Amino acid sequence: MARIPLNRSQTTAVVKRLPINRMVANTVGRSSASVSRIARALLTEPTVPAGVHKEAKVSKVGANYDTDWARTYPARFARLIIRTTIMKPIVDALASPSLEGVDRLIDLDGPVIFAANHRSHADTPLMMTAVPEPWRDRLFIGAAADYWFTNRVLSPFSALVIGAIPVERKKVSRTAIDTSLELLADGWSMLIFPEGARSPDGWAREFTSGAAFLSIKAGVPVVPVYLLGTDEVWSKGNRLPRRAQATVVFGSPIMPTADDDNRSFALRIQNAVALLADEHSSDWWQARRRAAEGVTPSLQGPPADSWRRAWARSGPERRGGRRSWPAV
Amino acid sequence: MKALRFERSIGRFAAANIASRLAPGGGAKVGPLRLRDIDAPALPGEGWVEVLPRLAGICGSDLATIDARSSRYFEPIVSFPFVPGHEVVADLPAPIGHLAAGRVVIEPVLGCVTRGIDPVCDACARGDLGNCERIAFGSIEPGLQSGFCCDTGGGWSTRMVAHSSQLHAVPEDWTDEAAVMVEPTACAVHGVLAADVAEGDLVVVLGSGALGLLTIAALRRFGRPCTIMAVAKHPTQHQLALALGADSVVLPHELTRAVRRATNSLALGDGDIIRLTGGADHVIDCVGSEASLTEALSVVRPRGRVTMVGMPGQVHVDLTGLWQREITLAGAYAYGTETLPSGERRRTFDLAFELVAAAELGRLVTATYPLSQYEAAITHAATAGARGAVRIAFDLRNEKERDRA
Amino acid sequence: MPRPGFVLDVDRSTPPILFHHGEGFRLERLPAGRSRVIYPAEPIEPLKNPDAAIRHALVNPIGDSEPLTALLKPGMKLTIAFDDISLPLPPMKRPDIRQRVIEAVLELAAAAGVDDVMLIAALALHRRMTEAELRHAVGDRVYDAFAPHGLLLNHDAEDPDNLLFIGTTEKGEEVEINKRAAESDLIIYVNINLVSMDGGWKSTATGLASYRSLRHHHNVRTMQHSRSFMDRHASELHSANWRMGKVLKDSGVKVFQIETTMNNNVFGTEGPMSVLQKREWEWSLTDRISMAGMKTALDLMPQRTRRQIFQNWQAPHAMTSVQAGEVEAVHELTTANVYKQHLVPVEGQTDIMTMGLPYISPYNVNSILNPILVACLGLGYFFNLYRGKPPVREGGVLIMSHPTPWEFHPVHHPSYIDFFEQVLSETTDPIRIEAEFEKSFAEDEWYRHLYRTSHAYHGVHPFYMWYWCSHALQHLGQVIIVGGDVRAVRRLGFKPASTLQDALEMASDVVGRDATITHIHNPPILMADVH
Ligand SMILES: [Zn+2]
Ligand SMILES: [Zn+2]
């Protein structure tokens, strides 16, 4: 049977339509109509009288999922074990990551926010293993609530394995902010992908101001991080990762100045990551000379139709090799 | 008569060869050299006379023979059994020819005259006794020198015979020690003059045993003014080399670097020298081993000359460098007549007498042994350098039978 | 609060004192009642934020200098020179101070639109640095940006095409330095001031100079008149360099000097090595166990392994100050900052000075401490770490502890081998050595070739090591090495002793039975301020 690529909502729809479910429903209906009616009455939620105000029910998953337990010692220990015995070997085998600029973190003391560009699901495990000590052991991640915290199985998984806290993409959620600030104040460091979602074509999206906002609020420095090659490892749309070389470039930590607002600081972070990208593709000095002249190549790529963006991104040395067209 | 005698015995040769690998001079105990009571040699003919050795040196070539390391090359030019000892000062009991009774030094080469061959060969005619072409012919058995011939006997006994042409009178005031150094000195003088060192040359003398030290002394006295770099392993050798005229003395492992610096040569190798690009003008090898020849070839400059004064044997040496650098490799054996830098022709032995006196070479005789202690004597000689010694000799002056008629 | 250095009077309850002994240690009991031990200060507080301090120093220069931001202009020719592998000791953990400073400088240069930038390792007659060593010093980012384009170079004091004669001092000393540097609009010198000798005009006038220029102050006379060369105001070596600095300045060579100091935290505050910078009576059980374990393990190891272990040690020492601007003003402040860490007041001189020589000197990083370097480390460096007068009286005895193996690194020290074999075997008198041998070594083609193309110290360098010893050789009545290779020690002209007791016994022949003893507990480095 040919496999049909499906996204999550399509999958749910398909499962509902599967014959087996209908069969079960029919069987139940036929055996005893009265029992089924009573059962249905008990099982369905009661309707609410018009004159009564009912407290809105709080979901225990999604953005509201409470991840405090994931930072208890047993959970941290479990995460350490998972990271070192499962995640690290897999990351090493698949991405054979090379780390650059770790020396820039040497003077850092206390919690930081790692802000990286986002291209692939491989980014998270890569960062979790690449972030140096002592931050690695006390790292949490803001993860999309509508993706990583959708149900009671996935939520604890996300919280435990990747140390995630749920963050809503669309709106600013108080809970996520409060949790993040609390954790930062507590000495935990945060990994955040300010683009909000994985890039569809390898070029970055505009950085949102989440990282900037938290940094300003918590008074914690931001370490810009440039990730390269993770989309080769696990490109958006591919079911399975492949072997490829990934690179993690850490930048010098930046602190918001008195003049910075969320927007301007977010831009500085984005520029810092762009500088790292330039530094990696040319060299440190050329990148700085271009930055000084204001001609650092943009992380977002040329403002044009998608084929030209893809063409520019693949670079002459990659053309003829593996294609890197956006997945359709 | 008591004598140390070499006998032909395949088994003993083999044993000596093995024993010498365990300890230098080890061949003395198990080898073909035995202390025997034998008849004194008969006079082989006209002009021959019996002499009574006083001191007889132990030379490197003797040690090689005792340890059965010498080449089979010698087989047809020696005759067994023979009594070794070619560095001999002896008593001449009665006058012969123009020579009065008294002490004499033997010039051991057995050339045409001693063999009763007339006319003499071309080499003998020129006075180049060492090159005589008749050393296996004539009235006596083959033998390149007294001490390698069954008819003449040798210095390691109380009596031997010598031809009157072989005898050189020893001045009254000389010690026996000085006199016994004349023969090896003659070898050194010949080697030095054969090398024909040019003025200002750098000459490396490999080996600071007796031969090496004598070579240094000979270079200083008879060679043109040159720089002498001696190689010495042991402190006594080092001091003697300097005393006898070396400009510098280096340890064996220091030689390559010292030559490089002295000649301002470049070198291949990153700090550790693989090969010199230049080198010394002359190397005089007074050791004659595979290692010394290799060393000599590695420190001599292109178109330089290596003179082998020490007796080599069968050696395994890479001659590519000799070919590519056009090195001259030459031997220098024994003595005869020399042409001095001034053009003057002199008997090598006369020059040797002069040098022994001038450089007080008698001091190089470090120890003497009676024949009965020959094993100790041989061991001492084989390890002389390390034990601060130079020349070891047998002392026959106190042997009882010596006075027996 | 780190405690200052101090002088301990040895009594009966004083525990055995630590002596460094090459790639190992000795614990020695010093005679009670007549011995004292000079201890270095504990590591002083490092800068909290070194990068910020560097940026601050660059825009707030000292002395007659504009801020670096004002000196950097588009289109200018800029040369950044930096100290070589000889500093700091031992090599520091990444990132190296030079990397921090150079990156900060280049950030400003990039912002100012400077295109023509060249980086030069100011190694004078030292060996060329390897790629790995350069990467360690300037960091991978700077290395990758400049080295592939030939813009990061080792200075070559024998390259006739790239040296420029500047002029002569009023005392006739010729000044000749790296041409690229001399012709630049600005030289920025990035220094690490490990000891008070480093820095100042010595950076440019020595680090970037040619042999022709260096020989005017690297000689016996200068060294004998430098008392000590660690005290800039009593050092003829420095006076000569300052005169040369004036010639440079007058000729229009413009130097922006950046000097940094570091604390003496060489063995760390935790881990097995930390015991080495604690005072013996404060050794905890863990310290004693790790010392015993280290000694036992080291004794069992082959020399190669031991050397590898020690040479791989990267010290956690940290930057304590950074100052930038005009050379002389900067250096005054730097020296004061070095003294803060190193100076220990000492009352009066002693008859016998003892010291334990460690495994490293400025000239054997990633290499072998050969006998000549042993002599230089003891008689050159440690002996001269004083201000005022030497801690040992004239005619006194110096006892040093080091295995002193007869061993040389053939690639790094080819001329040292020949110096040891051919010069010291003749004489150990520095004046004779200088007169009879220096020229032939200095002009030797092969040494020159190895210096320029491989990683060899210049042919003349072993002479300088010996000249470095000349003040001590003149001052001392006897030098004894404890636990050294007997032949090598004798070749150096020193007396070998197998134990400290033997050495003290031998010393008593020179200075008498009741001689006073002073042990210099170095490293970590200290400088005796003797009154
Ligand atoms: Zn002989
Ligand atoms: Zn003949």
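Kindly compute the accessible surface that chains B and C hide from a 1.4 Å probe when together, both sides summed, and give it to the nearest 100 Å². Please list the in-between numbers first.
Details: alone 17230 and 19240 Å², together 35010 Å².
When B and C are taken together, about 1500 Å² of accessible area is lost.
For C:202, C:48, write out the residues from largest to smallest accessible area, computed with a 1.4 angstrom probe and no ligands counted. All intermediate terms of the calculation are to be shown ahead of the outcome.
Details: C:202 35, C:48 170 Å².
Largest accessible area first, the residues go C:48, C:202.
Leaving out ligands, DNA and RNA, what percent of the accessible area of the protein assembly as shown is carbon and sulfur, probe 1.4 Å? Working shown, then result.
Numbers: 28700 of 52690 Å².
Ligands and nucleic acids excluded, carbon and sulfur reach 54 percent.
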*Just need the Rg to Rh number for the stretch C:168-323, please, alpha carbons only, Kirkwood Rh.*
1.13
*Provide a list, ordered by number, of residues in the stretch A:87-118 showing at least 40 Å² less accessible area with every protein chain present than when their chain is taken on its own, using a 1.4 Å probe.*
A:103, A:106, A:107
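What order do B:128, A:137, A:68 take when sorted by accessible area (1.4 Å probe), most exposed first?
Details: B:128 35, A:137 60, A:68 90 Å².
In descending accessible area the options line up as A:68, A:137, B:128.
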*Could you state the number of Å between the C-alpha centres of the stretch C:302-342 and the stretch C:47-85?*
19
*Which cross-chain or sequence-distant (5 or more) residues have an amide H under 5 Å from the amide H of residue C:92, H modelled 1.01 Å from N in plane?*
C:315
_In Å and on Cα atoms, what radius of gyration and Dmax does the stretch B:187-340 show?_
14.2, 48
*Regarding the stretch C:317-411, what is the average projected area of its C-alpha convex hull, in nm²?*
8.6
*Given 37 °C and 0.692 mPa s, how large is the Stokes-Einstein diffusion coefficient of chain C in µm²/s, with Rh as the Kirkwood radius over Cα pairs?*
140
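Rank B:59, C:469 by accessible area, highest first, at a 1.4 Å probe radius?
Details: B:59 20, C:469 0 Å².
Correct descending sequence by accessible area is B:59, C:469.
How long are the semi-axes of the equivalent ellipsoid of the stretch A:97-157, defined as square roots of 5 times the Cα gyration tensor eigenvalues? Whole Å, largest first. Please list the in-between numbers first.
Details: eigenvalues 130, 37, 19 Å².
Semi-axis lengths for the stretch A:97-157 are 26, 14, 10 Å.
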_Using a 1.4 Å probe on the protein heavy atoms only, what accessible surface does residue B:266 show? Give it in Å² to the nearest 10._
70
_If you average the alpha carbon positions of the stretch B:62-87 and of the stretch C:171-248, how far apart do those two centres end up, in angstrom?_
69
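In whole angstrom, how long is each semi-axis of the equivalent ellipsoid of the stretch A:185-302, when you take the square root of 5 times every eigenvalue of its Cα gyration tensor and sort them from largest down?
Values: eigenvalues 116, 74, 35 Å².
Gyration-tensor ellipsoid for the stretch A:185-302: 24, 19, 13 Å.
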*Interchain or long-range residues, amide H under 5 Å from residue C:36's placed H*: C:10, C:517, C:518, C:519
*Remind me, what semi-axes does the stretch B:1-115 give for its equivalent ellipsoid, largest first in whole Å, using sqrt of 5 times each Cα gyration tensor eigenvalue?*
30, 15, 13
*In Å and whole numbers, how far do the C-alpha atoms of the stretch C:269-349 stretch along each principal axis, longest first?*
52, 33, 28
*Estimated vicinal HN-Hα couplings, Hz - the stretch A:127-144 in sequence order (Karplus 6.51, -1.76, 1.60; Gly, Pro = x)*: 5, 4, 8, 8, 4, x, 4, x, 6, 4, 6, 10, 10, 10, 10, x, 10, 4
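Once you have the alpha carbon radius of gyration of the stretch A:62-302, what is it after dividing by 2.2 N^0.38 Å, with N set to its residue count?
Details: Rg = 16.8 Å, N = 241, 2.2 N^0.38 = 17.7 Å.
Normalised Rg, Cα atoms only: 0.95.
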*On average, how much accessible surface per residue is there in the stretch B:319-383, in Å², for a 1.4 Å probe, leaving out ligands, DNA and RNA?*
46
*For the stretch C:99-120, which residues drop by 50 square angstrom or more in accessible area between the chain on its own and all protein chains together (1.4 Å probe)?*
C:110
*Net charge near residue A:161: determine it from the other residues with C-beta under 10 Å of the C-beta of residue A:161, scoring Lys and Arg +1 and Asp and Glu -1.*
+2
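List the GluC sites (Glu not before Pro) within the stretch B:300-405 that DSSP assigns to loop and that have no more than 12 neighbouring Cβ atoms inside 10 Å.
Details: sites: B:326, B:338, B:344, B:354, B:360, B:375, B:399, B:401; in loops: B:326, B:344, B:360, B:399.
Listed in order of number, the matching sites are B:326, B:344.
Could the peptides B:223-234, C:155-166 be put in order, highest first, of the mean number of other beta-carbon atoms found within 10 Å of their residues? Intermediate results must be reported in sequence, preceding the final value.
Details: B:223-234: 21.2, C:155-166: 16.8.
Highest-to-lowest ranking by the protection proxy: B:223-234, C:155-166.
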_Surface accessible to a 1.4 Å probe, residue A:205 within the full protein complex, Å²_ = 90
*Could you run the Karplus curve 6.51 cos²θ - 1.76 cosθ + 1.60 with θ = phi - 60° over the stretch C:310-324 and give me ³J(HN,Hα) per residue in whole Hz, x for Gly and Pro?*
5, 5, 7, 5, 10, 7, x, 4, 10, 5, 10, 7, 9, 9, 9
_Taking amide H atoms as placed 1.01 Å from N in the peptide plane, list the residues 5 or more away in sequence, or in a different chain, whose amide H sits under 5 Å from that of residue C:529._
C:344, C:346, C:387
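How big a patch of accessible area, both sides summed and in Å² to the nearest 100, lies buried between C and A at a 1.4 Å probe? Please report the intermediate quantities before stating the final value.
Working: alone 19240 and 19050 Å², together 36920 Å².
Buried surface at the C/A interface: approximately 1400 Å².
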_If I take every Cα pair under 8 Å that is 6 or more residues apart in the stretch B:187-340, average their sequence separation and divide by the length, what percent do I get for the relative contact order?_
24
*Enter the mean number of other protein chain beta carbons within 10 Å of the beta carbon of each residue in A:281-290, as an integer.*
6
*Find the accessible area per residue for the stretch C:50-262; the probe is 1.4 Å, ligands and nucleic acids are left out, and the unit is Å².*
31
_For the protein assembly as shown, the Rg and Dmax computed from alpha carbons only, in angstrom_ = 43.5, 163
*Sticking to Cα atoms, compute the Rg of the stretch C:50-262 to one decimal and its Dmax as the biggest Cα-Cα distance, whole number, in Å.*
16.3, 48
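I want the local charge near residue B:68. Using Cβ-Cβ distances under 11 Å, sum +1 for each Lys or Arg and -1 for each Asp or Glu among the other residues. It would help to have the intermediate numbers written out before the result.
Working: positive: B:12, B:21, B:69, B:72; negative: B:67.
Net charge in that neighbourhood comes out at +3.
The values are calculated or read from the model by the stated rules, or taken from the named source; none is laboratory data. Keep in mind that what you see is a predicted model, and the values were worked out from it rather than measured. With ideal geometry, Cβ positions are generated from the backbone for all residues, glycine too; neighbour counts draw on all protein chains shown. Calculation scope for accessible area: heavy atoms of the full protein, side chains included, ligands and nucleic acids excluded. Shrake-Rupley method; radii C 1.70, N 1.55, O 1.52, S 1.80 Å.
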